[in-house]
Amino acid sequence: MREFGTTVFAEMTALAVRTGSVNLGQGFPDTDGPPAMLERAIEAIRGGANQYPPGPGVPELRQAISEHRKEHYGLAYDPDGEVLVTVGATEAIAATVLAVCEPGDEVVLFEPYYDSYAAAVALAGAVRRPVTLRPVAGRFTFDPAELRAAVGPRTRAIIVNSPHNPTGTVLTRAELEEIAAVCAERDLIAITDEVYEHLTFDGVEHIPLATLPGMRERTVMISSSGKTFSATGWKVGWICAPPALTGAVQTVKQFLTFTAGAPWQLAVAHALRHELPWVAALRQDLQTKRDRLAAGLRAAGFDVLPPSGTYFVQTDIRPLGFTDGLTLARELPALAGVVAIPTQVFYDRPEYGRHFVRFAFCKKDEVIDEAAARLASLGKGAPRTG
Ligand SMILES: *Cc1c(COP(=O)(O)O)cnc(C)c1O
């Protein structure tokens, strides 16, 4: 695990603190989730929900997850045997990769990818097979031929993240059909990370891969309450999958954490049943924040690639005279008092992401405005290299 020793997130957060910069690096909201959900957690603690919950998750939550999948996507998952509550999507991803991969097996990933995927693949002794997402007309997408070429005889699984962090791409039905066809032809298990399932913009619809013909039986569908209900510190996630896959993941999960978060599980069950109107308002609010930050970044001289979902906006830094996002991210606190994340850290082949920098907009309006005001000076200086 040596290659995973230090992350750029820790470096950039430390830099933000040291320099008093506005931190648009880390992707967590700076406001709380629905008040009634928070109250429900407090009630649950007062009411004694403070011991180990059942291994698969508290029944109320599994029932609520099952109902939510059915109502939103028409997917029926049995709360007993096809739903497993995990410690966030992070544990769900790690436990699933560990469950389905033997050492030497390969996992296809779309780069740039969420950093825990590579670590989970390494923990399983498996091998990453990256497929690069590239901007086409301002939106990151993949080349189906490249996807097919990445799959070999030892490829066991593919991790599909849509809405996608860090590019903000929401995969279209046509793109999902390409992925589904490859899964069927090459007998792959699809591991879907759908933590931003509710956070899409401009009326763009999130389509779960499991809803495509033939995909439910080979998909481990992962989501989490963290992003949906602005409670990233609660770490309540889940998988939905056919019984054999769910059982395999639970076998691993029971030795990672066994179980966790009894009061938060009860509160999330409430939220899934009663707080989706709150989430609809959050989505609208985030879309406005996206536009607010994008306008500021454009005014500062960045080329903005507007996202259709998630918390993040990608920028191309070359119009400002920079070529390397890591250099810019390290200099930005001194240049403008803002912290962002160099997108190249999310790639196996950083050269493809060299000139992109990621900014988070899941922040209060005044924080976004302050960042925009500070960045405004950036384009006015002499063009830089490096
Ligand atoms: C935040 C995030 C996660 C982690 O979810 P948790 O529920 O906090 O573990 C997983 N995948 C993506 C793409 C994320 O952005």
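Okay, here's what the table says:
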quantity: Condition met for R148 (in contact (Cβ under 8 Å) with a residue 24 or more places away in the chain and assigned to a strand (DSSP E or B)); calculated: no
quantity: Out of R298, R374, R318, R330, sole residue that is touching a strand residue (DSSP E or B) at 6+ places or on another chain (Cβ under 9 Å) and closer than 26 Å to S116 by Cα; calculated: R330
quantity: Selected residue [of a type in the set (S, T, Y), more than 16 Å from the ligand (Cβ to nearest atom) and either within 30 Å of N50 (Cα to Cα) or without any contact (Cβ under 8 Å) to a residue 24 or more places away in the chain (or both)] from T257, T288, T232; calculated: T288
quantity: Single residue of the stretch 248-262 satisfying the filter (within 24 Å of the chain's Cα centre (by Cα) and outside any loop (DSSP other than H, G, I, E, B)) that is farthest from A76 (Cα to Cα); calculated: L256
quantity: Output for the stretch 85-142, where each listed residue is touching a strand residue (DSSP E or B) at 6+ places or on another chain (Cβ under 7 Å), among the acidic types (D, E) and within 12 Å of the ligand (Cβ to nearest atom); calculated: E91
quantity: The listed residue being more than 16 Å from the ligand (Cβ to nearest atom), in contact (Cβ under 8 Å) with a residue 24 or more places away in the chain and farther than 25 Å from F356 by Cβ, out of I179, I207; calculated: I207
quantity: Search result, residues across the stretch 300-328 that are within 16 Å of the ligand (Cβ to nearest atom) and free of Cβ contacts under 8 Å to residues at least 60 places away in the same chain; calculated: none
quantity: Residue that is nearest to H198 (Cα to Cα) [pool: residues in the stretch 155-171 that are more than 10 Å from the chain's Cα centre (by Cα) and either within 10 Å of the ligand (Cβ to nearest atom) or small (G, A, S) (or both)]; calculated: I159
quantity: Members of the stretch 210-227 that are outside any helix (DSSP H, G or I), touching a residue at least 60 places away in the same chain (Cβ under 8 Å) and either more than 20 Å from T169 (Cα to Cα) or away from the ligand (no atom under 16 Å from the Cβ) (or both); calculated: V220
quantity: Enumeration of residues in the stretch 243-286 that are under 14 Å from P59 (Cα atoms) and β-branched (V, I, T); calculated: T259, V268
quantity: Test: residue in the stretch 44-63 that is in contact with a Leu (Cβ under 8 Å, 6 or more places away or on another chain) and farther than 24 Å from T257 by Cα; calculated: no
quantity: Any pair with Cβ under 7 angstrom, 6 or more apart, that starts in the stretch 1-16 at a residue that is within 14 Å of F346 (Cα to Cα) and ends at one that is assigned to a loop (DSSP other than H, G, I, E, B); calculated: F9/G25; F9/Q26
quantity: Residue that is surrounded by the fewest Cβ atoms within 10 Å (Cβ to Cβ) [pool: residues in the stretch 49-84 that are within 16 Å of the ligand (Cβ to nearest atom) and under 17 Å from G226 (Cβ atoms)]; calculated: H68
quantity: Any hit, the stretch 183-195, residues being near the ligand (Cβ under 10 Å from one of its atoms), of a type outside the set (A, V, I, L, M, F, W, C) and either surrounded by fewer than 19 Cβ atoms within 10 Å (Cβ to Cβ) or modelled with pLDDT of 95 or more (or both); calculated: yes
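The values are calculated or read from the model by the stated rules, or taken from the named source; none is laboratory data. What you are looking at is a predicted structure, and each value in this text was computed from that prediction instead of being measured. Please note: Cβ atoms are built from the backbone with ideal geometry, for glycine as well, and neighbour counts cover all protein chains shown.
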